[in-house]
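Laboratory data are not the source of any read-out in this text; all were calculated from the coordinates shown. The model shown is predicted, which means the values in this text are computed figures rather than measured ones. Cβ: placed from backbone, ideal geometry, glycine included. Neighbour counts: every protein chain shown.
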Number of protein chains: 2
Amino acid sequence: MAKYTIGLDFGTNSVRTVIVNVANGKETASASWSYPHGSEGVILTDDVNLARQHPADYIKGAEITVKRALGVAKRSSKTFNPRQVVGVGVAATGSTPLPVGRSGRPLALEKRFEKDPAAMAWLWKDHTSIEEAEQITQLARKMRPHYLTKCGGVYSSEWFFSKILHCLRTSPDVFDAAYTWVEAADWIPAFLTGTEAPEKVSICICAAGHKAMYNDVWGGYPDEKFLQSLHPKLGDLRGRLKDRAKTIAKPVGVLSAEWARRTGLPEGIPVAAGALDAHLGAVGAGIAPGKLVKILGTSGCDMVIVPADRQLRDIPGLCGIVRDSIVPGFIGLEAGQSAVGDIFNWFVGYVAPGGKRSGSHSVLTKEATALCPGASGLLALDWNNGNRCVLVDPRLTGMLIGQTLHTTGSEIYRALIEATAFGALTIINRLEQYDIKVEQIVSGGGVAEKNPLVMQIYADVTGRAMKPTHSSQACALGAAIAGAVVAGEYPSVPEAQKTMTSLKKKVYKPNPKVATVYGKLYKLYKQLHDAFGTTVWKGSCFNVMKELLEIRTEVSNQK
Amino acid sequence: MAKYTIGLDFGTNSVRTVIVNVANGKETASASWSYPHGSEGVILTDDVNLARQHPADYIKGAEITVKRALGVAKRSSKTFNPRQVVGVGVAATGSTPLPVGRSGRPLALEKRFEKDPAAMAWLWKDHTSIEEAEQITQLARKMRPHYLTKCGGVYSSEWFFSKILHCLRTSPDVFDAAYTWVEAADWIPAFLTGTEAPEKVSICICAAGHKAMYNDVWGGYPDEKFLQSLHPKLGDLRGRLKDRAKTIAKPVGVLSAEWARRTGLPEGIPVAAGALDAHLGAVGAGIAPGKLVKILGTSGCDMVIVPADRQLRDIPGLCGIVRDSIVPGFIGLEAGQSAVGDIFNWFVGYVAPGGKRSGSHSVLTKEATALCPGASGLLALDWNNGNRCVLVDPRLTGMLIGQTLHTTGSEIYRALIEATAFGALTIINRLEQYDIKVEQIVSGGGVAEKNPLVMQIYADVTGRAMKPTHSSQACALGAAIAGAVVAGEYPSVPEAQKTMTSLKKKVYKPNPKVATVYGKLYKLYKQLHDAFGTTVWKGSCFNVMKELLEIRTEVSNQK
């Protein structure tokens, strides 16, 4: 009798549940549900930097999608029985921390806080905590420089402690009411298994390691003295943060009777420790040494793993280097580009070449496909939303050079795609510079699914085959793989991946005819990159962009 | 009884004739006529650099527009009689040389050559002669460096000898059939006065001095040995080029009986030496020391004059410094921007933000007017068509920096306007650096007429009042002023200007509130300008743009 596991993927706008056959990784059924709170699931205010989610949506979303997916499975297969489901895994966005009370229940579920954004889940893309991030980075540089060595040298406004410190400052009532804070990726497995209580809750190595400076080497989370220096109350919180990190190969508990009843799943099946969606996406895409997984959506996320016994130097400019984070037994490395599809969307939506119309992307893509690399004379920098790796500077802006009186919208569109590909190559080169080989690229995400031109340009620019992952739900598949491992169906994550993941037949191979041109263009890209993005390059133009921003700020303040 | 003079203005697409009251400069009547040859008067081929005009259009255009203008004047005033017209002046584009036979008749008017573009007038914007220009510049640098001191250090592909040398190489039959070459600005007054024969034809100091390295200091045109070194046949031509340059205050002859009959004008009235349209536009705009005349159309032309007795150092990067060229008795200086309105037209027509629609310019202008300087964080270089002054490099390209995911089309539009204003300030600064004061700016041309936002930004960026010229036909008015001077109605061009030119009431004054921001933005513009446009700036990015062009050329050649 076939066995199945369930993967839940809590995204930015919706949650998706897939039921996967453990023997071959095939998706038997799936269901998704859009969060009802806010705008497409995201609670917004006048502050453009603010983005929150309501934890009630996670609870309801888990119940609805699991029930629906089981219903679909039953309808599509006469032999399917929910009792065949042997394990559960959970993927969630992050860093998405939420304040919880003494019992582990989120404050937002209490009547008095139910409409207070500060009491909700602080979504990964919430940027309210820029000043706090800056402060944490500055303090760590002085006091604990090693804390920054595993996260690219700069602590981000998107991360755990920046958000908590910002809450402490701007919503002290919420901070004071909270007993502690947990990541969504930890709280969801906890409520499924009844282990929400702060004494019991497990934390995943993935979110803690990549977003909260957690590392076994220095004893887990940052020490009390360090947090104290940021704020005495943050120091006090340290005692209530438990250094109990688990990999996805470990269960946090078993499905509670209540959740068995609510969903129709068997009581007592193991639930794996949660993990960040991108990282489980890498698992679902078949990440392995030498095989970079690139998730291309509105932004870009790159992940690689190396055996845990390898001596790895610190790699400047990488978002995260964490042992056991992606695949247990390996060091997980994460890099990323702060905008990919968002840049193409900006051009189509804000500049609107040829007019805002449905299909603008496909028209521009068609025209851009007909162009030869280098023929437009254009070159762009892909920094419209800053640069996450390897410069780690969110304030950087975009650039386009080479316009004539005949430059067309599709030429610019292609130059923007190429710019993101050059950004991708810069990350790969940084990895290889530190002896981490990138032989092939497995790609997933919306842009990878929809745009063959982007895939081909990435293959041509990086000089590496781009292999699309078979599943369009790699994150949920990765969660189901974790479920299969904690259920004992496989001895390890890599063993499960071997049978449960696959690639599409279509492979985008580098076209050797354009390698020379792209080599030359990349050299120029790198020059602009260094001239405008660093202070190292002698006599660079680095100050131009920054000073423009200062002027912009000054002018905005004067209004 | 009122006296009138006639000004003819031979433009790129049409010819216009105005009849002006000598006592006050008021336009009594006007008529224009579009050239029938080619596309809007310009003969084009597969070679995108080629642009020619047919001299038959000049003849027909003179006849038709003068007759029509006289008709309009008669109809609008019962007292007007063509016998009240006392003089004629002629403006024409240039350098627009045409090959003529032994009798001075253009080869294109002969049956065998009537369809040969090489036998026609080589329009100012013909760019087929890039290699020849380069060769002339190189030779002059080695052999006669002083030849380049009056034209910004680089001889242009748009100019007289580049075009003749290119004809010699690519259409030797035309070159061999030609006795000599004359500028359109010289040939038109010549046929009106029956002085076309090479022994009689006058040349204007304006075209000769600014476009053909003509200077009394070294005996007129470049010497035979120099031209010989370019090509033996060009050396032979030197003997047939007459060093007989005249200012606009001198007649080239009197209206012939034939042309009196063809037009209805009185026979024997004096016809002034021709001049380049922009220069007569400066006269018509009231150019005077301290008063820069800026013609803002698809491209930009800046002119200033200084008293001829002033000791002037050579000014690098200026298009032309020629005694008596604009106003007799003064040194005429010309600078310019190779694209102004063309850049805005490019953005609207090629990138088409919001869609191609009538009124795009006005929509974008309205939105851009509401923006604060510096608020978009954008900065552009205005080099989409190269840089004419002060870098004198036609291969340079545009640049835009500072884009975010929220940058709008109107923000880019404004940045492009500001970029052209920064380009204008760079020219002014170069003049002042060489002790030529620019106290106010008189503006004319299409963009100046149509777009108050452009005027205001230029005033704010340059810190100088922008005063629009009263006449929208400043070039034709300038020609009529020349006609009034050769008719003896005024003792000099400045005396005629005093009564015959005026400004609009509307003056665009610099807004002191934005001076600081524009000062900062200009500093950054200058940095990019020097970094990408020169090789002087240490550690600059100068090579990026050039190398992109080399790649573009390589790729095009591979196709």
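Structure values in brief
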quantity: Residue order, fewest to most surrounding Cβ atoms within 10 angstrom, among A:SER492, A:SER229; calculated: A:SER492, A:SER229
quantity: Radius ratio Rg over Rh of segment A:328-387, counting only Cα atoms, Kirkwood formula for Rh; calculated: 1.12
quantity: Per-residue ³J(HN,Hα) for segment B:291-300, Karplus 6.51 cos²θ - 1.76 cosθ + 1.60, θ = phi - 60°, Hz, x for Gly and Pro; calculated: 10, 7, 9, 10, 9, 10, x, 4, 10, x
quantity: Built amide H within the under 5 Å cut-off of B:GLY152, gap 5+; calculated: B:GLY317, B:LEU318
quantity: Sparse-neighbour loop sites [GluC sites (Glu not before Pro); segment A:384-471; at most 14 other C-beta within 10 Å; DSSP]; calculated: A:GLU439
quantity: Nearby aspartates and glutamates by direct alpha-carbon distance to A:LYS437 (threshold 13 angstrom, same-chain neighbours under 8 apart not counted); calculated: none
quantity: Calculated label separations, B:GLN440, copies of the chain, 7 Å along the beta-carbon direction, nm; calculated: 7.5
quantity: Percentage relative contact order, segment B:1-100, counting C-alpha pairs under 8 Å, at least six apart; calculated: 34
quantity: Other-copy label distances relative to B:ALA257, 7 angstrom Cα-Cβ extension, nm; calculated: 12.7
quantity: Reachable aspartates and glutamates, given that their alpha-carbon falls under 17 Å from the alpha-carbon of A:LYS78 and they are not under 8 places away in the same chain; calculated: A:GLU27
quantity: Position B:GLY235, label points 7 Å along Cα→Cβ, spacing to each other copy in nm (shortest first, one decimal); calculated: 9.2
quantity: D_trans [Stokes-Einstein, Kirkwood Rh over alpha-carbon pairs] for segment A:210-293, 25 °C, 0.890 mPa s, µm² s⁻¹; calculated: 154
quantity: 5 Å binning of all Cα-Cα separations within segment B:124-181, expressed as whole percents from 0 upward; calculated: 4, 21, 25, 22, 16, 9, 2
quantity: Where only C-alpha atoms are counted, convex hull volume of the protein assembly as shown per residue in Å³; calculated: 185
quantity: Average Cα contact separation per residue, segment A:332-477, under 8 Å, 6 or more apart, as relative contact order %; calculated: 22
quantity: Segment A:25-102: trypsin sites (Lys or Arg not before Pro) in DSSP loop, at most 12 other beta carbons within 10 Å; calculated: A:LYS78, A:ARG102
quantity: P(r), alpha carbons of chain A - 10 Å bins starting at zero, rounded %; calculated: 4, 18, 28, 27, 17, 5, 1, 0
quantity: Among B:420-431, B:105-116, the order from most to least packed when residues are scored by Cβ within 10 Å on average; calculated: B:420-431, B:105-116
quantity: Percent RCO, i.e. relative contact order, over segment A:154-301, from Cα pairs under 8 Å lying at least 6 residues apart; calculated: 22
quantity: Within chain A, helix-based [θ] at 222 nm, where runs of 4 or more DSSP H residues each add -39,500 (n - 2.57), nearest 500; calculated: -11500 deg cm²/dmol
quantity: Under 5 Å, built H, 5+ apart or other chain: amide partners of B:TYR214; calculated: B:GLY209
quantity: Estimated dipole of chain A in Debye, rounded to 20 [Cβ of Lys and Arg +1, of Asp and Glu -1, Cα centre]; calculated: 1340
quantity: Shielding score for A:405-412, defined as the mean number of other chain Cβ atoms within 10 Å; calculated: 5
quantity: Average beta-carbon neighbours from other chains, 10 Å sphere, peptide B:341-352; calculated: 4
quantity: Along principal axes, Cα extents of segment A:52-147, largest first, whole Å; calculated: 63, 37, 25
quantity: Residues with amide H under 5 Å from that of A:CYS204, placed H, sequence gap 5 or more; calculated: A:LYS246
quantity: Projected area averaged over orientations for segment B:414-472, convex hull of C-alpha atoms, nm²; calculated: 4.0
quantity: Förster radius 30 Å - calculated FRET efficiency between A:HIS146 and A:ASP173 (Cβ-Cβ, nearest 0.05); calculated: 0.30
quantity: Residue mean of other protein chain beta carbons inside 10 Å, A:377-385; calculated: 4
quantity: 31 Å Cα-Cα threshold exceeded, pairs from A:LYS163/A:LYS250; A:LYS60/A:LYS504; B:LYS467/B:LYS523; B:LYS211/B:LYS526; B:LYS67/B:LYS506; calculated: A:LYS60/A:LYS504; B:LYS67/B:LYS506
quantity: Set of aspartates and glutamates with alpha-carbon distance to B:LYS509 below 18 Å, sequence-local pairs under 8 removed; calculated: B:GLU418, B:GLU439, B:GLU449, B:ASP460
quantity: Helix runs (DSSP H) in chain A reaching 27 Å along axis by Cα, Kyte-Doolittle at least 0.0; calculated: A:409-433
quantity: Kirkwood-based Rg to Rh ratio, segment A:156-235, C-alpha trace; calculated: 0.96
quantity: Fraction of beta bridges assigned by DSSP in the protein assembly as shown that are antiparallel (%, nearest 5); calculated: 70
